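Just below is one structure, and these are the notes that go with it.
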Amino acid sequence: MATLEPEQTFITSDESLDALCDQLINSSVIAIDTEFMGEEHFIPRLELIQVAAEGVAAVIDFPAVQETAPMARFWELVCDARIEKVLHAGRQDLELFAHHAGRLPKPFFDTQIAAAMVGYGAQTAYANLVQRVQGVKLDKAHTFTNWSQRPLSRESVRSRRARPGCRSVPDGAARRSATRRCAGRRVALVLAGR
């Protein structure tokens with residue numbers, strides 16, 4: 001396990017993935033995002049998985065870890081019904097998880113869908129939503145990186161923080177909210193990392 005920042009770890013082996021799973025096992029909410037290559041593949045090729053929970057943030061080099069172990073324990077966590085998964089524009093992420101885990105992870109909260117429900121517009125990009133809600137402009141320098149090329153640069157890996165709520169997660173009351181006002185609060189909390 002190579003530490004990139006105090007709160008983010010780059011996972012490249014079965015052992016480091018197992019340690020991450022130990023940290024995530026009691027989480028009630030995890031933020032999760034993927035980077036994949038869809039060109040020339042019927043099923044997109046998964047390259048990176050960004051995952052975070054309270055006090056934990058990691059980037060998983062999927063090809064490197066998959067080479068040494070099948071990742072069954074990680075997929076069990078992703079599909080654990082006790083853990084809410086927070087995604088942004090998660091349709092393709094969910095398809096990849098269903099393919100690799102053998103089932104669709106539930107429950108999940110998609111910040112893009114929630115943002116549309118509270119008036120931010122349909123299909124709002126994550127960077128635009130963060131800027132509108134928090135007034136923070138995200139660095140998009142690595143948006144078009146070829147994630148299949150190895151070795152990955154330290155800067156490109158560092159840029160791949162789990163997008164929604166990468167440092168912490170929103171409280172349970174906001175998570176369970178179904179009203180427009182509370183859903184808006186939920187989006188703001190997730191984007192603020194609270």
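The values are calculated or read from the model by the stated rules, or taken from the named source; none is laboratory data. The structure presented is a predicted model; accordingly, all values stated were derived computationally and were not measured. As a convention, Cβ positions derive from the backbone with ideal geometry for all residues, glycine included, and neighbour counts pool all protein chains shown. Only protein heavy atoms, including side chains, enter the accessible area calculation; ligands, DNA and RNA are left aside. Shrake-Rupley method; radii C 1.70, N 1.55, O 1.52, S 1.80 Å.
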Checklist entry - Taking Rh as the Kirkwood radius computed over C-alpha pairs, what is the Stokes-Einstein D of the range 1-140 at 20 °C in a medium of viscosity 1.002 mPa s, expressed in µm² per second? => result 135 µm²/s
Next on the checklist: At 1.002 mPa s and 20 °C, plugging the Kirkwood radius over alpha-carbon pairs of the range 35-93 into Stokes-Einstein gives what diffusion coefficient in µm²/s?
Outcome noted: 165 µm²/s
Next on the checklist: On a 1.4 Å probe surface of the protein chains, which of VAL136, VAL56 comes out largest in accessible area, and what is the full order?
Outcome noted: VAL136, VAL56
Item to check | Net charge contributed by nearby residues that have their C-beta within less than 11 Å of ILE11 (K/R +1, D/E -1) | outcome: -4
Checklist entry - Ignoring ligands and nucleic acids, what accessible area does ARG45 show with a 1.4 Å probe (Å², nearest 10)? => result 100 Å²
Checklist entry - If each of ASP80 and MET117 carries a label point 7 Å out from its Cα toward its Cβ, how far apart are those two points in nm? => result 2.5 nm
Item to check | Solvent-accessible area, 1.4 Å probe, carbon plus sulfur percent, for the range 1-91 | outcome: 52 percent
